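Shown next, in structure tokens, is the structure this report addresses.
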Amino acid sequence: MSRAAEPIAVTGAGVVTPIGQDLDAFWAGLVTGVSGITEIERFPVADLRVTRGGEVKKLGRLPWSGDERRLPACRTSRFLIHATREALAGAGLLAGRPDPVRVAVVVGTALGGIDDAGRTLRGQGGLRALCGALYDGPTWNLARWLGATGPVLTVSTACASGGTALGVAADLQRAGRADVAVAGGADVLCRFVQRGFNVLRSLTRDAVRPFDRRRSGILLGEGAGVVVLERAAAAGGRGQRPLGLLLGHASTADGAHITAPDPEGRGLELAIRAALAESGLGPEAVDFVSAHGTGTPANDRVETDVLKRVLGCRAYAVPVNSIKAHLGHTMGAAATLEAIMCLLAGRHGQVPPTLNYGDPDPECDLDWVPNEARRYGPRVSLSTSLGFGGCNAALVLASP
Amino acid sequence: VTTGLVTPPAPPLDCRAAEVAAPRIAGVGLLTGWGDGLAALPGRLEGVRAALLTVPTPALPGERFRRATRECLLAVAAVRAALADGGLDEARLAGPRTGIVYASATAYAAANRAFLEDEGSATLHFPYTAPSAVPGEVTIAFAIRGPYVNLMGGGPAALQALWCAAGWLATGVADRVLVLTVETVHEVWDLLGRARRLYDRPLVEGAACLLLQAGSGGTLRWASAATAGPTAGGRAAVVRGVLDAVLGDRVPAVVAGAARGAGAAERAALAGRGAPATAAVPGEAMACGPLIGLARARASGADGPCLVTAAWRNDYGAMLWPRFMA
């Protein structure tokens, strides 16, 4: 077994999702099987084949700010700020302010400032919107809101971005570049991406049914997931009980197809094995898997095959879930939200279900925790993600 | 308004450098608005009148590239040029032992704009709006399945990419790593031309690739910091803090500077550290800048150490590359 990398403590987490805008609401929605999929209302969809998605209907006001005009107009940035505020509060860092130059900001996104890009092309928003329209726009908006002046990085490995961002942030901390890292992922549901997946015919008119024989595609969602990462010793020194530990991470390429996963899943398998190696654990240590589980025929079959190869004979005994049917595919936010779900499962001793499951597929025959939450407290979780361009990410997380 | 952590940093900054075993540059591939290769780069910026130097689209044979965007073609061509420079057969890249780190500030804007403005866009155009399509085409073209990260931003993101690649080589998760940068702005020039706060020199399109392998000896040092606001005093403190962190008591032999608006602050921070040669990047090449600077410093015959600096938005980064000879 290889030498383990230093574990990094997750001391706080925050979310904005279609089923809840704080951890408590998010968790309650997950375990009770709430779906955030609705008719899209925020932009025109009448001409599109699929008109539903996981939309955040109304972003709650920020209770700590009396002046919302100071917040960026960019919706992605607002999601990030909202989630970050909760994460900082959970980490006990709202009052005790670390040196700004020792604070890193790492954001994963599949779409960047695409909302501002649309406004810019319509001649609205001026220079600020133009700068915000770049992919790193939301990250810089968050850094400015935080006053953070340490490393500011934007990761875009498509729908694996939120996982890669956590790994990059952990590496920064291990290298001594930051004491505190605010890391996560965010993306918004907008006409640009809804139309894109619509023309690709990747969207289903049915429900999202991960790993079910009837699965026929994804529905998109939007949201943000943010965690506060600290070196474990520093967190302990503040008397902060971490939500969990990030033990290992890896991101790899498929080198196979621009939109579809490698049919053999070789890149994903390498990512999982490399993340386990970094964590110093073998596959036998994994007792829960949060799968990417998009509900497309190709993704779910490939993930099943890879999990069988990695977990071996234990594959049928390890619970695996997908929360895409709750939220839709939240793109850059998905992997971070799923990592947070893993840690909450450990804390609460309960695993959220895979919704809309009813017709088993012989090619996808693992324990998917169908339809109802299960009393089960995972200690070591594996979270997997895949994205356009052949991106794969794997995270190994531990609950205290 | 109460924000999360705000208070502007007061000098001296508690900025610390990350260290990793330095890799060896085994090959360089470069296509820029100046032309192909290092030889095409002008020595000085003076006399350059164009505000944008556009890079021609390379013609790559094969049906596979029929739908690929200009930035994808540039990326593949830059990788091929780096392999040719390093004398490495293309087939050696295939499999899990080759890593790729990609950085760009702009090489998605054309595809995004086209899709936003044309509601009748072809089905197959949408995947190319993702920045990951550019390195994705490279991984497909060369069957690369190793470690993989994409960073969005200008020069400082490229420095982060170099550090990430060095880390993979140092820990043995890859035998070779491609650090790839692409910048294309011609198709959005009417928009980006308004954002002069992002650059103060002619914008240069380009694609750059460094083929890195383990083992030059020495230690790579990297640091970065951002100003909390646009004040000149804040920028000077950040530049000094970053350079102090990276250099310590070391004296650079070459400075490959690409830092927008940091020239005076850099000169002041480097005063008293000898009289290093310069390998400046003639123009704002964004993420390509640090790679061009390193390639230029390497070609100058100096064995290092080489200080590479970069700036983008409020961010300033620096890297000390210890030596070029293996």
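Since every read-out is calculated from the coordinates, none of them should be taken as a lab result. Just so it is clear, the structure is predicted and the values come from calculations on it, not from any experiment. As a convention, Cβ positions derive from the backbone with ideal geometry for all residues, glycine included, and neighbour counts pool all protein chains shown.
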Give the average, rounded to an integer, of partner chain Cβ atoms located within 10 angstrom of each Cβ in A:263-269. 2
Helix-only mean residue ellipticity at 222 nm, chain A, DSSP H runs n ≥ 4 weighted -39,500 (n - 2.57), per residue, nearest 500. What is it? -10000 deg cm²/dmol
Highest mean first, how do A:47-55, B:102-110 rank when packing is the count of other Cβ atoms within 10 Å averaged over residues? B:102-110, A:47-55
Taking neighbour Cβ counts within 10 Å as the exposure measure, how do B:Glu266, B:Glu63 sort from fewest upward? B:Glu63, B:Glu266
Order of A:Cys159, B:Cys306 under a 10 Å beta carbon neighbour criterion, fewest first: B:Cys306, A:Cys159
In whole Å, what are the extents of segment B:93-136 along the principal axes defined by its C-alpha atoms, from largest to smallest? 41, 23, 9
Selection from A:His292, A:Leu203, A:Ala315, by position along the positive dipole direction of segment A:198-334 (Cβ): A:Leu203
In chain B, helical segments from DSSP H whose Cα atoms cover 20 Å or more along their own axis and that average at least 0.5 on the Kyte-Doolittle scale are B:70-86, B:155-171, B:232-247
Percent of alpha-carbon pairs separated by more than 27 Å within chain A: 43 percent
Considering only segment A:95-225, percent of DSSP beta bridges that pair antiparallel, nearest 5: 20 percent
Among A:Pro242, A:Pro319, A:Pro98, which one shows the biggest mean-square fluctuation in a GNM of chain A, springs joining Cα atoms closer than 10 Å? A:Pro98
Taking every residue in A:246-255, how many Cβ atoms of other protein chains lie within 10 Å of its Cβ, on average? 6
Rounded to two decimals, what is Rg over Rh for the protein assembly as shown when you use alpha-carbon atoms and the Kirkwood radius? 0.94
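Find how much the distance from A:Arg205 to A:Asp365 grows on full extension, using 0.36 nm per residue of separation minus their present alpha carbon separation; answer in nm with one decimal. List each step's numbers first, then the result.
Numbers: separation 160, 0.36 × 160 = 57.60 nm, distance 2.43 nm.
Full extension from A:Arg205 to A:Asp365 adds 55.2 nm.
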Directionally averaged projected area (convex hull, Cα atoms, segment A:34-143), nm²: 9.2 nm²
Descending semi-axes in Å of segment A:178-242, equivalent ellipsoid built from Cα gyration tensor: 39, 16, 8
Sort B:Leu73, A:Leu270, B:Leu294 so that the residue with the fewest other Cβ atoms within 10 Å of its own Cβ comes first and the one with the most comes last. B:Leu73, A:Leu270, B:Leu294
If you average 1/r across every pair of different Cα atoms in segment A:339-391 and take the reciprocal, what Kirkwood value do you get, in Å? 12.8 Å
